[in-house]
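Q: Mind having a look at this structure? Questions to follow.
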Amino acid sequence: MPVGPAGFPSDWLADPSSPASDVELALLLVNTLDLLEDPADRLRDLTWLTHALESARHDGLAGELTARDLPRLRRLRDALRHVFETDDDAQAAAVLNPLLERARAVPLLVASGDGPASLRVGLGRQGIAALEARLPAALAAFVATHGTGRLGVCGSDPCRCVFVDRTRAGTRKYCCSYCNDRLAARAYRRRRRS
Ligand SMILES: [Zn+2]
């Protein structure tokens, strides 16, 4: 698979040269389960996620996670996957609202001095506690703006990696160009056989 330094396809992130958004961090966490990899679960330890966070320019978060956080990371991952899998905003709300309430993911207004003030969730929290507040909040804001239709699961069986659809027409079907090509190659072989 054509991968970046952390072992994830470069087309998972909109702009690899700037820090990943919290929606993209949610994507990276959900994609720690990758059925094309052996073993499929990359959260047996923190190696992959730490590298992914560093490559996504979140060294701070990467350094704050410890092995004790793995069960909470897996629970957060499994819950957030439902938001990418559903095309029903009400179902997304049913998943995200309890996470938001449990994490007390309250947006706080932060004045910056020179630029405009911003709303920040999970302010002052670290590591897993920050992720438990920020990732559901980011996905909730994303769904409120774009709907669940812009979050998807790769259609290149058996891959179940998720993606954010930034295409103008909202027609993205695969998590990365590798899966797109893999499916095209399979269709080509099928055509040649028949
Ligand atoms: Zn895929």
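The values are calculated or read from the model by the stated rules, or taken from the named source; none is laboratory data. Because the structure is predicted, anything quoted here is derived from the model rather than measured. Methodologically, a virtual Cβ is constructed for each residue, glycine included, from the backbone with ideal geometry; neighbour enumeration extends over all protein chains shown. Accessible surface areas use protein heavy atoms only, side chains included; no ligands, DNA or RNA. Shrake-Rupley method; radii C 1.70, N 1.55, O 1.52, S 1.80 Å.
Q: Would segment 7-114 count as rounded, prolate or oblate if I go by the C-alpha gyration tensor, calling it rounded below 1.5 in a/c and otherwise prolate when a/b exceeds b/c, oblate otherwise?
A: In terms of gyration-tensor shape, rounded.
Q: In nm, what is the difference between 0.36 nm times the number of residues separating D157 and D114 and their Cα-Cα distance?
A: 10.6 nm
Q: In nanometres, what is the gap between the two model label sites at V106 and R57, each 7 Å from Cα along Cα-to-Cβ?
A: According to this spin-label approximation, the distance is 3.1 nm.
Q: Subtract the Cα-Cα distance of T171 and R190 from 0.36 nm times their separation in residues, and report this length gain in nm to one decimal.
A: 4.5 nm is the gain from fully extending T171 to R190.
Q: Same structure again: Got a sec? What order do H51, H58 fall in by accessible area at 1.4 Å, biggest, i.e. largest, first?
A: H51, H58
Q: Separate question: What is the ratio of the Cα radius of gyration of the chain to 2.2 N^0.38 Å, where N is its residue count, to two decimals? Walk me through the numbers before you get to the answer.
A: Numbers: Rg = 17.3 Å, N = 194, 2.2 N^0.38 = 16.3 Å.
Taking the Cα Rg and dividing by 2.2 N^0.38 Å, one obtains 1.06.
Q: Please give the net charge around G152, taking every other residue with its beta carbon less than 12 angstrom from that of G152, where Lys and Arg add +1 and Asp and Glu add -1.
A: +3
Q: Let me ask something else. Leaving out ligands, DNA and RNA, what percent of the accessible area of the chain is carbon and sulfur, probe 1.4 Å?
A: 51
Q: Let's test the formula: R0 of 22 Å, r as the Cβ-Cβ distance of D45 and D78. What FRET efficiency results, to the nearest 0.05?
A: Taking R0 as 22 Å, the efficiency between D45 and D78 is 0.80.
Q: Express the accessible area of segment 28-145 per residue in Å², computed with a 1.4 Å probe while the remaining protein chains stay in the model. Could you put the intermediate results ahead of the total?
A: Numbers: 6290 Å² over 118 residues.
Averaged over the residues of segment 28-145, the accessible area is 53 Å².
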